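Chemist: I am attaching a structure below and will ask some questions about it afterwards.
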There are 2 protein chains.
Amino acid sequence: MKEFALVFQGTAFTSRSTKEIEILKDYLFCINEDGMIEKLVSPESAEYEEIIKQYEFKDSFHRLEKGQYLLPGFVDLHVHAPQWAQSGTALDLPLYDWLNTYTFPIESKFSDIEFAEKVYDDLVRTLLANGTTTVLYFATVHKEASILLAEICAKQGQRGLVGKVVMDNVDQCPPDYRDKDTETALKETEEFIIAVKDLAKSTKQGVYPVVTPRFIPSCTDEALEGLGRLAAKYDTHIQSHCSESDWEHEYVIDRFNKHDAFALNDFGLLQDKSIMAHCTFLADDDAELFAETGTAISHCPISNVFFSNGVLPVAHLHSKGVDIGLGTDISGGFSPSLFDNARQAVISSRMLEEGVDPKLPKETRGVPSSRITMNEAFYLATAGGGDALSLPIGKIEENFAWDVQIIDTLIPSAKLPLFNERLDEVFEKIMYLSRPENIREVWVQGNLVHKRN
Amino acid sequence: MKEFALVFQGTAFTSRSTKEIEILKDYLFCINEDGMIEKLVSPESAEYEEIIKQYEFKDSFHRLEKGQYLLPGFVDLHVHAPQWAQSGTALDLPLYDWLNTYTFPIESKFSDIEFAEKVYDDLVRTLLANGTTTVLYFATVHKEASILLAEICAKQGQRGLVGKVVMDNVDQCPPDYRDKDTETALKETEEFIIAVKDLAKSTKQGVYPVVTPRFIPSCTDEALEGLGRLAAKYDTHIQSHCSESDWEHEYVIDRFNKHDAFALNDFGLLQDKSIMAHCTFLADDDAELFAETGTAISHCPISNVFFSNGVLPVAHLHSKGVDIGLGTDISGGFSPSLFDNARQAVISSRMLEEGVDPKLPKETRGVPSSRITMNEAFYLATAGGGDALSLPIGKIEENFAWDVQIIDTLIPSAKLPLFNERLDEVFEKIMYLSRPENIREVWVQGNLVHKRN
């Protein structure tokens, strides 16, 4: 028998479909040297006892303790890394004013590489401690600090997809926080792509450069076009914001006489590795264009409460075949946890279905059939994120990366209220009630990257 | 100078009004033998150095460490203690079906006193660990288990207000989970009141019996009337549910041709120590009746998402002079944390203001001026709860009980993202981002009741 690098024994929860979970009870998980899941072995399988015998006294064998469970690591599709410095504050203004009053000023400080290192190091560590193994990051306009973020991901073992942000539109960006000019923006983006691709070679889990026009308002047509070309040339991921709020959505209609989706597509920015944040105001033909091009939505339910003027209709968009994952949108969203965001995704969907104003007659209060379950929110945080990025992550399945979090439901300081539940109920309690404290270990591509003693 | 039992030195946050916080920077907090705050001493005061000199080497002196802050202990105005066993599950049905399918069956198990002890002990410990120092509890119909809950609060040092639930209406309650008859319901309630008043004598922090008709549908007119009389006879607190959901609100209109508020008032159940959960469908004249009688609302924002068919208009009700506090409503709400509920109170208020359906024109989407700030949500979780209960709790102020939580923002495993903020920003980050792990000590009436090492 081939030698495995790691063998885990325990019970795992993973998505079988957008709506159903699969419970792998007392399985063996056999990981190869590349950190990929080579084989899942059920207790009924003939080789189950044989593998245990072969590995149980080796260091590579990990038996989960009573009350511990495996979940896939979370995939966070939208983080503004520099904004970690202001998380949990500055939630009182609408999007346009928020950007200009709080956010652009704090991002401009990331020309200071020491400050950047302090914030980025703390953020990557925090996200790992929250069970997030893959992150799609916006950095800032600064090339050096953006490369530094990728280096910190590489060093801490997180699968980071990082974008140097492009903002070259003098009408919409402050003088002290924007690219020097369009040519420089594109040149530095290309240098950034090359540097991160080079860095990636020294990592096991991969780090990836991402073409990142902040959003249409920040960018000139020339920059958007040039970025579409760069993404094609280097086959990179693409990220931006799309139809986020009344203001942003209307700005694009005024400028292009079309919605964000069609405008972005004109510039070659919608493709299978494109991920667009928010998309609250996507019309049905926009959604169809997303489905056709393979573009995914990064749903950021906490952030949307403060900045999006409405709730993303997740159930409706899933029914249209659009890929959707979950994002914290630090710091539009205050929480670094995708557990918190999964909970809010369920909550927001229920509020869209029920409506909010008790003075309205119940028939007209909400939008029927909008609710999603916790199983679906879990899918968004895991497999949905993997699909969005077109990477083999987010599921505990053969040929997927060994990106997992080990949840302990019984530690005395953060015990979950378990009183002889079925396993599907244990799963629900984990999703609704666990805290970072319950996350005892986090693994990325077969490497242990976070551990609590 | 009089001898203090405890002296704390540090920075505290407390409510100055519903909308403003007070920052007590580097104060001394002098606590007397009854566990009450005898004196607050500012660093500018003449006796500041003198008190430090007198106490700094005594065991009674507690200097907060760098990064630690004091908050008032939280006041949770609505907990169904037996439902802790199902927290984080069973959130998929409307109120009426949820009660009959999941909730009455689990509550009926509390005839088993051993099971009750296991669940209640775990719950009280968990709430203390979440910074909650005072709790208004629904127990079950069972007298013994209800007394046991009060005993567990007494033993663990929590200020528990506990109600034996009355459910005597055979039309609306299952045969295996209701009071034997109206007479028994009232007799057992009276015995319960006497037993808990007796128990209270042996506690420093106080435990209190609460007259608790579950809600109008569960009770006969005779029971409601008898409970009003018992509350007056023994001067107890009163709790129930009020205008929670479309179904419940309409049931009461059908039965009495009036809203819950006026029906409850007819039975003598609205008074200064009455606390009514939810109240989502309160009309303006109901709200005026609440303000006149001194009845308070227990706002349960997480639970309301799943069971209330709308958002409580907190800002509007505050403007009408109604007292409002915060409740987790375990397990209609899945979280035992009032931090989580304060966050959701802000979120729900923003969603009420913005609306939820992006397909509607922005002018008609939401209800203007509905938002509350985190300062107001903090008020609800602390001082608002104290006001609701007419007890001197929920503020760090002279002649209030020393009920506090010490928050550590710098512990390595749960460090908040602090990078040289102002103190009001530190407060916001604490409210949005702290976890039970950040709560290092909890004190009730001058007694240490929870500590993490």
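The values are calculated or read from the model by the stated rules, or taken from the named source; none is laboratory data. Since the structure is predicted, the reported quantities are computational estimates derived from the model, not experimental observations. Here the Cβ is made from the backbone with ideal geometry for all residues, glycine too, and neighbour counts use every protein chain on show. Quick note on the areas: whole protein, heavy atoms, side chains included, nothing else; ligands and nucleic acids left out. Shrake-Rupley method; radii C 1.70, N 1.55, O 1.52, S 1.80 Å.
Chemist: Can you pull out the residues in segment A:248-263 that are over 26 Å from A:Thr189 (Cβ atoms) and not polar (S, T, N, Q)?
Modeler: Listed by number, the residues that qualify are A:Glu250, A:Ile253, A:Asp254.
Chemist: While we're looking at this one, here's another question. Could you check segment A:66-94 and list, in sequence order, the residues that are on the phi > 0 side of the Ramachandran plot, touching a helix residue (DSSP H, G or I) at 6+ places or on another chain (Cβ under 6 Å) and at pLDDT 95 or above?
Modeler: Within segment A:66-94, A:Gly88 is the sole residue that qualifies.
Chemist: With the checklist (1) open to solvent by 10 Å² or more (accessible area, probe 1.4 Å); (2) within 11 Å of chain A (Cβ to nearest Cβ) in hand, flag the one item B:Asp323 doesn't pass.
Modeler: (2)
Chemist: Farther than 20 Å from A:Val135 by Cα and surrounded by 15 or more Cβ atoms within 10 Å (Cβ to Cβ): does that describe A:Thr184?
Modeler: No; evaluated as a whole, the condition is false for this residue.
Chemist: Moving on to the next point. Only residues that are under 20 Å from the mean Cα position of the chain (by Cα) and assigned to a helix (DSSP H, G or I): list them for segment A:128-150, please.
Modeler: Those that are under 20 Å from the mean Cα position of the chain (by Cα) and assigned to a helix (DSSP H, G or I): A:Leu128, A:Ala129, A:Ser146, A:Ile147, A:Leu148, A:Leu149, A:Ala150.
Chemist: A follow-up question, please. I need every pair where a residue in segment A:113-127 that is farther than 15 Å from A:Gln86 by Cα has its Cβ under 7 Å from the Cβ of a residue that is open to solvent by 10 Å² or more (accessible area, probe 1.4 Å) and of a type in the set (Gly, Ala, Ser), sequence separation at least 6 or different chains.
Modeler: Here the result reads none, with nothing in segment A:113-127 linked to a residue that is open to solvent by 10 Å² or more (accessible area, probe 1.4 Å) and of a type in the set (Gly, Ala, Ser).
Chemist: I would also like to ask the following. Among the residues of segment B:20-45, which ones are exposed (fewer than 13 other Cβ atoms within 10 Å of the Cβ), touching a residue at least 40 places away in the same chain (Cβ under 8 Å) and of a type outside the set (Asp, Glu)?
Modeler: Result: B:Lys25, single match.
Chemist: Let me ask something additional. The conditions are (1) within 30 Å of B:Asn304 (Cα to Cα); (2) under 19 Å from the mean Cα position of the chain (by Cα), and A:Trp402 fails exactly one of them. Which is it?
Modeler: A:Trp402 satisfies every listed condition except (1).
Table: residues versus (1) touching a residue at least 24 places away in the same chain (Cβ under 8 Å); (2) under 24 Å from B:Phe334 (Cβ atoms); (3) within 11 Å of chain B (Cβ to nearest Cβ).
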site: A:Arg365; (1), (2), (3): no, yes, yes
site: A:Glu376; (1), (2), (3): yes, yes, no
site: A:Ser413; (1), (2), (3): yes, yes, yes
site: A:Val444; (1), (2), (3): yes, no, no
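Chemist: Of the residues that sit in segment B:283-294 and are open to solvent by less than 10 Å² (accessible area, probe 1.4 Å) and not charged (D, E, K, R), which one is nearest to B:Leu136 (Cα to Cα)?
Modeler: Across segment B:283-294, the extreme among qualifying residues is B:Phe290.
Chemist: Here is a further query. What's the number of the condition A:Asp168 fails, among (1) more than 30 Å from A:Leu312 (Cβ to Cβ); (2) open to solvent by less than 20 Å² (accessible area, probe 1.4 Å)?
Modeler: For A:Asp168, the failing item is (1).
Chemist: Looking at segment A:262-271, is at least one residue open to solvent by 10 Å² or more (accessible area, probe 1.4 Å), at the interface with chain B (Cβ under 9 Å from one of its Cβ atoms) and aromatic (Phe, Trp, Tyr)?
Modeler: no
Chemist: Out of segment A:379-434, which residues are outside the structural domain of A:Val210 (by TED's automatic domain parsing) and of a type in the set (Phe, Trp, Tyr)?
Modeler: A:Phe400, A:Trp402, A:Phe419, A:Phe427, A:Tyr432
Residues are listed down the side, and each one gets a yes or a no for (1) open to solvent by 40 Å² or more (accessible area, probe 1.4 Å); (2) more than 29 Å from B:Tyr208 (Cα to Cα):
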| residue | (1), (2) |
| --- | --- |
| B:Pro336 | no, no |
| B:Gln344 | no, no |
| B:Gly385 | no, no |
| B:Ala388 | no, no |
| B:Glu397 | yes, no |
| B:Pro417 | no, yes |
| B:Leu433 | no, yes |
| B:Leu448 | yes, no |
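Chemist: Taking segment B:214-261 as the search range and keeping residues that are touching a helix residue (DSSP H, G or I) at 6+ places or on another chain (Cβ under 6 Å) and acidic (Asp, Glu), which one is surrounded by the fewest Cβ atoms within 10 Å (Cβ to Cβ)?
Modeler: So the residue we want is B:Glu222.
Chemist: Quick test for you: out of B:Leu317, B:Leu289, B:Leu338, pick the one residue that is more than 23 Å from B:Ile253 (Cα to Cα) and either within 14 Å of chain A (Cβ to nearest Cβ) or at pLDDT 95 or above (or both).
Modeler: B:Leu338
Chemist: For the condition within 8 Å of another protein chain (Cβ to nearest Cβ), in contact (Cβ under 8 Å) with a residue 40 or more places away in the chain, buried (at least 22 other Cβ atoms within 10 Å of the Cβ) and out of contact with any Pro (no Cβ under 6 Å at 6 or more places or on another chain), what is the one hit in A:Asn304, A:Asn309?
Modeler: Among A:Asn304, A:Asn309, only A:Asn309 is within 8 Å of another protein chain (Cβ to nearest Cβ), in contact (Cβ under 8 Å) with a residue 40 or more places away in the chain, buried (at least 22 other Cβ atoms within 10 Å of the Cβ) and out of contact with any Pro (no Cβ under 6 Å at 6 or more places or on another chain).
Chemist: Could you list all residues from segment A:46-71 that are surrounded by 13 or more Cβ atoms within 10 Å (Cβ to Cβ) and of a type in the set (Asp, Glu)?
Modeler: Answer for segment A:46-71, where residues must be surrounded by 13 or more Cβ atoms within 10 Å (Cβ to Cβ) and of a type in the set (Asp, Glu): just A:Glu47.
Chemist: Still on this structure, please answer the following. Pick from B:Asp122, B:Asp198: which is modelled with pLDDT of 95 or more, under 19 Å from the mean Cα position of the chain (by Cα) and closer than 30 Å to B:Lys395 by Cα?
Modeler: Going through B:Asp122, B:Asp198 in turn, the sole match is B:Asp122.
Chemist: Can you tell which of A:Val211, A:Val207 is surrounded by 16 or more Cβ atoms within 10 Å (Cβ to Cβ), in contact with a Gly (Cβ under 6 Å, 6 or more places away or on another chain), closer than 28 Å to A:Trp402 by Cα and in contact (Cβ under 8 Å) with a residue 12 or more places away in the chain?
Modeler: Just one listed residue meets the conditions, A:Val207.
Chemist: If the requirement is being among the β-branched types (Val, Ile, Thr) and facing another protein chain (nearest Cβ under 9 Å), which of these qualifies: A:Ile430, A:Ile393, A:Ile407?
Modeler: That would be A:Ile430, the only listed residue that is among the β-branched types (Val, Ile, Thr) and facing another protein chain (nearest Cβ under 9 Å).
Chemist: Follow-up question, since we're still on this one. Quick one: which helices (runs of 4 or more DSSP H) sit completely within segment A:24-127 and have at least 1 residues that are within 14 Å of another protein chain (Cβ to nearest Cβ)?
Modeler: Of the helices (runs of 4 or more DSSP H) lying wholly inside segment A:24-127, those with at least 1 residues that are within 14 Å of another protein chain (Cβ to nearest Cβ) span A:95-98, A:104-108.
Chemist: Additional query: Does A:Leu91 satisfy the criteria of being surrounded by 13 or more Cβ atoms within 10 Å (Cβ to Cβ) and closer than 30 Å to A:Leu148 by Cβ?
Modeler: yes
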